Amino acid sequence: MATALMIAVCGLAMPAAAQDKPPAAQPPAGGKIPVQTADDLPRYTYKIEGKASDFLLSDKPFLAFAAQVRANVENTLAKYEIADQSTLQTMHSQLQQIALIEGRWDDAMAQSMIVKSLEGKESKKLMTGQVLTAMLAANKVAKNGTPEWDAVFSETLTKNVAALPWEKVREDVIRSKGSSELASREIILGGIQGQLDPIVEKAKGELSSDFAGVLIGSRATMEVMLPVLPKMGKVYAQIIDSHKTVRKDVLSAREVVLSETDAGTPVAVAVWDSGVDVSLFSQNLWVNTKEIPGNGKDDDGNGFVDDVNGIAYDLTGSPTAELLHPLTEMRGDPKLVAANIKGMMDLQANIDSPEAGALKKLVGSLKADQVSVFQEDLGLYGNYSHGTHVAGIAAEGNPFARLVPVRITFDFRQIPTLTPSKELAAKTAKAASDSVAYMKAAGVRVCNMSWGGSRQDVEQALEAKGVGKTPEERAAMSRELFKIEKDALEAAMKGAPEILFVAAAGNSDNDNQFAEFIPSGLNIPNMITIGAVDSSGKPTGFTTFGKNVKVYANGFEVNSYVPGGQKMKFSGTSMAAPNVTNLAAKLIALNPKLTSAQVATIIVKTSEPMEGYPERLVINPKKAVASLKPSN
């Protein structure tokens with residue numbers, strides 16, 4: 001939701017809730033209950049009177065709710081031994097938000113300092129609490145909303161942020177400035193109406209801690225931050241303008257471009273994603289010669305119709321002939337939605353484009369009841385374009401790459417279209433197994449997986465669909481359903497040792513193993529998990545720092561194709577992973593005798609230490625290719 005973005009960029013905290021309700025486990029004598037994964041955290045439910053969007057605007061009822069959430073979070077921190085720093089950050093961030101709602105400014109700053117101490121990324125550590133510090137300074141001399149308050153706030157924020165090392169905080173400042181231009185009361189209310197109102201109605205007024213955290217974050221943003229965001233944006237714009245130097249690009253010089261004159265062998269590269277516009281990659285497509293194009297038949301008897309270049313599954317896990325995710329459910333003009341996506345990317349990059357200007361104008365005019373359609377159309381176009389963008393990165397500079405699209409259909413609705421069930425989990429599990437079997441039959445050597453899901457996603461979907469009488473019941477169901485899919489995926493990948501699976505680590509700035517993410521949290525010999533850096537080789541603010549993240553690659557404002565042939569700059573570990581897939585495919589093209597384990601070893605051993613994080617490695621394609629021994 002926009003709420004999470006708004007709070008994060010203001011130097012406050014992500015609004016995800018701590019999960020509260022003590023399970024049956026008991027702490028060791030004199031100690032705390034150990035927490036190994038996110039599923040071990042306790043859970044609580046909260047009673048909401050009326051619609052969530054109305055409750056958000058209430059006075060005494062909301063304050064009583066916030067006090068209850070605070071007590072539960074503090075209880076969890078007191079009774080449970082939580083080693084995961086991202087989880088601790090989330091919980092202390094929520095306490096900070098509640099302190100702001102209640103007007104306890106000193107307590108809010110104390111919680112902000114705890115969040116800062118838990119931060120592992122230098123850029124985010126430097127930026128955490130900057131806006132709050134400026135607000136506190138202004139509070140001491142004047143009332144918020146007065147010219148005196150504004151002057152002190154702007155002066156303090158300018159002085160403190162301008163003093164920070166620009167190359168380290170550049171991304172955070174620019175993205176914060178861009179996000180501040182899209183914040184509005186209507187966006188927040190519309191998000192709550194589309195996501196939480198239906199959940200509360202189905203649950204007859206009950207809400208889990210996960211979604212209760214969204215309410216807390218929304219109230220803090222709406223009540224405390226919205227009036228400040230324009231002032232913050234203005235300060236950041238001035239700081240950005242004072243730094244006209246272009247970021248030093250150190251990664252481009254490491255790239256390797258192969259040509260058809262090189263001694264290379266075609267290599268099949270699966271793009272396991274949301275669909276690929278194959279018309280853009282005519283020279284880089286794998287072809288199933290046993291299938292007759294467009295006759296609507298399964299010519300080779302493999303269970304797929306018209307699988308000339310790859311396969312696809314719909315939302316139910318059933319095969320479909322459409323390799324590219326369709327826009328049939330979009331309610332707006334696809335061209336306008338595509339322009340809005342570009343405008344959003346431009347705002348995040350501080351590019352004053354016509355699309356960025358049009359998006360700001362559009363968002364500023366949206367009413368709450370229009371927000372869901374706007375957000376879902378953006379989500380649908382994101383699904384539509386994601387796989388093509390990934391495919392373009394994976395094939396760049398490699399005439400020997402032969403792309404094999406394997407489409408998954410991802411839901412874009414705020415309330416899930418389908419209800420999680422054993423039947424659906426079994427179909428999804430079979431689709432995963434069959435997809436890997438198809439890759440094996442096609443001779444795939446590298447598979448890019450720029451997607452992921454978690455057990456908690458299943459639990460939240462169950463709540464969103466009104467399934468389960470208690471959080472404990474939903475938790476038990478989610479474990480069972482998630483295990484069905486996880487076990488099938490893991491077994492299928494392990495059963496294809498000849499394929500190197502390249503997984504995006506995720507964009508939640510967390511530990512993917514603690515959060516039980518798949519595929520990135522799996523430990524499989526023939527899989528490598530990838531985090532994201534920018535072109536200067538520094539970690540992005542969004543990348544996951546999981547224990548099993550092996551290497552990092554460029555995932556910030558990466559330029560690639562979207563359906564139709566236009567190019568856009570997308571950011572995410574989704575863009576970092578195909579950069580590693582690209583390298584792996586080039587290594588195999590130059591030496592097809594390499595095993596998946598050998599390819600992964602070469603990539604890791606030839607990587608360079610990340611600036612400021614010597615234990616983390618950034619890929620170096622030139623060194624990797626130079627290390628190869630010619631194939632005999």
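The values are calculated or read from the model by the stated rules, or taken from the named source; none is laboratory data. Predicted model only: the values in this text are computed from it and were never measured. Because the Cβ atoms are built from the backbone with ideal geometry, glycine has one as well, and the counts that use them run over all protein chains shown.
What to note about this one:
- Matching residues, region 325-341, being part of a helix (DSSP H, G or I) and either more than 20 Å from Ala183 (Cβ to Cβ) or over 23 Å from the mean Cα position of the chain (by Cα) (or both): Pro334, Lys335, Leu336, Val337, Ala338, Ala339
- Consider region 533-575 and keep the residues that are part of a loop (DSSP other than H, G, I, E, B) and of a type in the set (S, T, N, Q). The one that is surrounded by the fewest Cβ atoms within 10 Å (Cβ to Cβ) is Gln566.
- Filter result (within 17 Å of Val502 (Cα to Cα) and not in a helix (DSSP H, G or I)) within region 586-605: Leu594, Thr595
- Residue in region 435-456 that is over 17 Å from Ser274 (Cβ atoms), part of a helix (DSSP H, G or I) and modelled with pLDDT under 95 present: yes
- All conditions but one from (1) modelled with pLDDT under 95; (2) among the hydrophobic types (A, V, I, L, M, F, W, C); (3) within 23 Å of Asp273 (Cα to Cα) apply to Leu323; the one that does not is (1).
- Residue check, Ala488 closer than 24 Å to Gly317 by Cα, without any contact (Cβ under 8 Å) to a residue 40 or more places away in the chain, outside any loop (DSSP other than H, G, I, E, B) and not charged (D, E, K, R): no
- Condition broken by Leu462, with the remaining ones in (1) surrounded by fewer than 18 Cβ atoms within 10 Å (Cβ to Cβ); (2) within 25 Å of Leu207 (Cβ to Cβ) satisfied: (1)
- Scanning region 359-397 for residues that are closer than 30 Å to Asp262 by Cα and out of contact with any strand residue (DSSP E or B) (no Cβ under 8 Å at 6 or more places or on another chain) gives a single hit, Gly397.
- Helices (runs of 4 or more DSSP H) lying entirely in region 57-162 (those with 3 or more residues that are over 25 Å from the mean Cα position of the chain (by Cα) and surrounded by 19 or more Cβ atoms within 10 Å (Cβ to Cβ)): 60-79, 85-101, 130-139, 147-162
- Selection within region 251-303 - on the phi > 0 side of the Ramachandran plot and either surrounded by 14 or more Cβ atoms within 10 Å (Cβ to Cβ) or among the hydroxyl-bearing types (Ser, Thr, Tyr) (or both): Gly275
- Odd one out for Phe501 among (1) in contact with a helix residue (DSSP H, G or I) (Cβ under 6 Å, 6 or more places away or on another chain); (2) surrounded by fewer than 19 Cβ atoms within 10 Å (Cβ to Cβ): (2)
- Candidates Ala203, Ala183, filtered to the one that is of a type in the set (A, V, I, L, M, F, W, C) and under 26 Å from Ala461 (Cβ atoms): Ala203
- Out of Val269, Val257, Val228, Val235, sole residue that is at pLDDT 95 or above, under 26 Å from the mean Cα position of the chain (by Cα) and more than 30 Å from Lys47 (Cα to Cα): Val269
- Verdict on Pro578 being over 27 Å from Phe281 (Cα atoms) and crowded, with 22+ Cβ neighbours inside 10 Å: no
- Residues of region 265-291 satisfying the condition of being farther than 21 Å from Val305 by Cα and among the polar types (S, T, N, Q): Thr265, Gln283, Asn284
- Residue in region 420-459 that is surrounded by the most Cβ atoms within 10 Å (Cβ to Cβ), counting only those that are under 19 Å from Asp307 (Cβ atoms) and polar (S, T, N, Q): Asn448
- Filtering region 605-630 to residues that are in contact with a Leu (Cβ under 7 Å, 6 or more places away or on another chain) and either over 18 Å from Val250 (Cα atoms) or in the same structural domain as Leu285 (by TED's automatic domain parsing) (or both) leaves only Leu628.
- Residue among Lys367, Lys342 that alone is modelled with pLDDT of 95 or more and among the charged types (D, E, K, R): Lys367
- Leading residue by the ranking (farthest from Tyr313 (Cα to Cα)) among those in region 377-408 that are touching a Gly at 6+ places or on another chain (Cβ under 7 Å) and part of a strand (DSSP E or B): Val404
- Check on Leu362, surrounded by 15 or more Cβ atoms within 10 Å (Cβ to Cβ), more than 23 Å from the chain's Cα centre (by Cα) and assigned to a helix (DSSP H, G or I): yes
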